[in-house]
Amino acid sequence: MTKLIELQDVTKEFGTFTALNRAAFSIMEETSSMTAIAGESGSGKTTMARIMLGFTEPSKGRVLYRGKDIASMSTAERRQFRREVQPIFQDPFDVFNQFYRIDHVLTTPVKRFKLANTEAEARSLIEDALSRVGLRSQDTLGRFPHELSGGQRQRIMVARAVLLRPRLIVADEPVSMVDASLRATILDELQTLNRDLGISIIYITHDLTTAFQICENIVVLYQGNVAEAGSVERVIGDPKHPYTQLLVSSIPLPNLEQNWGGEDFITLEAASERESRGCRFAPRCSQAMDVCWRTPPEKYLCDRDRLASCFLYRDKPTLRTDDVTEAFGGPVAAKSDHRKTGARSRIDSEG
């Protein structure tokens, strides 16, 4: 299979701080997929997104789009890359120029990329894109950003991406700043774009529940390192890395008498002040061994469709390549209600 976009051993350093450490990850071209990049604040997920979009240059490593290093692209190649790889940002207000009407954010890409030959054709494209995200042109066009709700503004940014018919959308926390009532709608729209238009989605999030609902695969980051990766059913339904277990244990459960979190984990506030040269999670992990403090763990294939960077699984085979996509089990399997019901039942039964 051909790789649409690929991170090769990408590291990003800000002074002495390493935001992303030797990330290797790819999205295949032949199969449209939905992949979550998850982790708490400071895990490196937004840095990975910005590097993937070409907004931030890596300190080390390369980003390839269809085999071409984006750092060495010609003007024409970069223009094509900008059209085919589209962002959706976290804050739907900051991306708008408050002095322009909403129309400006939609007509600009139509003109820049010459998507229409006439004004009537351009209008038709814009109206179709708006309808795909559940908006009517008569309710949005001609208005200023402050006249629309946060949910409407975010859906307009999705519509802008749809206009360009991209191959890949990188959505960085796209629902974290909209009302809860609209989150499901926007996430459903992303799924529809993936299913109906064949657009692959990289969903950056700290929310494992929404990642589970819409994605097939997930990469869990901790302090710039991959803690666990694989099918979302396996990683969230039965987490192996102590950090992923901590994240899953913090999901609110139906049983109100059950405390959140497990007793075997150390909170950030109570973490050891000892610096780890090995696993970055060691100061917060009650299962940390001497080797964890000395040596960074390999990526162990602890079962089918899943890897964990943890010495608890050092008796398992290691990843044959650096690319964690190998943990997804090859071509992405189709989503199914059975998959979601099975894993959700397991989580609910713990409550």
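The values are calculated or read from the model by the stated rules, or taken from the named source; none is laboratory data. Computed from a prediction, not measured in an experiment: that's the story for all the values here. Quick reminder, even Gly has a Cβ in these numbers, built from the backbone with ideal geometry, and neighbours come from all protein chains shown.
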Notebook entry, point to check: Does I186 qualify as being of a type in the set (V, I, T), assigned by TED's automatic domain parsing to the domain that holds S41, modelled with pLDDT under 90 and crowded, with 20+ Cβ neighbours inside 10 Å?
Noted result: yes
Selection over the range 285-304 where residues are over 15 Å from N225 (Cα atoms) and part of a loop (DSSP other than H, G, I, E, B) yields a count of 5
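For R22, indicate whether it is assigned to a helix (DSSP H, G or I) and in the same structural domain as S149 (by TED's automatic domain parsing). Break it down into steps so the answer makes sense when it comes.
Numbers: assigned to a helix (DSSP H, G or I): no; in the same structural domain as S149 (by TED's automatic domain parsing): yes.
Spelling it out, it is not the case that R22 is assigned to a helix (DSSP H, G or I) and in the same structural domain as S149 (by TED's automatic domain parsing).
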Reported set for the range 305-324 where residues are crowded, with 21+ Cβ neighbours inside 10 Å and assigned to a loop (DSSP other than H, G, I, E, B) is S309, C310
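With under 30 Å from S250 (Cβ atoms) and of a type in the set (A, V, I, L, M, F, W, C) as the only criterion, which of F55, F17 stands out?
Values: F55 fails: under 30 Å from S250 (Cβ atoms).
Only one candidate passes the filter, namely F17.
Conditions (1) in a helix (DSSP H, G or I); (2) farther than 30 Å from T31 by Cβ; (3) modelled with pLDDT of 95 or more, marked per residue:
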{"site": "I218", "(1), (2), (3)": "no, no, yes"}
{"site": "E233", "(1), (2), (3)": "yes, no, no"}
{"site": "L246", "(1), (2), (3)": "yes, yes, no"}
{"site": "T267", "(1), (2), (3)": "no, yes, no"}
{"site": "A271", "(1), (2), (3)": "no, yes, no"}
{"site": "R274", "(1), (2), (3)": "no, yes, no"}
{"site": "C279", "(1), (2), (3)": "no, yes, yes"}
Here the residues within the range 111-149 that are part of a helix (DSSP H, G or I), in contact (Cβ under 8 Å) with a residue 40 or more places away in the chain and more than 20 Å from Q86 (Cα to Cα) are P145, H146
Within the range 98-120, of all residues that are loosely packed, with under 12 Cβ neighbours inside 10 Å and of a type outside the set (A, V, I, L, M), the one farthest from H146 (Cα to Cα) is N117
Note: among E228, E233, E216, just one is touching a residue at least 12 places away in the same chain (Cβ under 8 Å), farther than 29 Å from T18 by Cα and acidic (D, E), namely E233
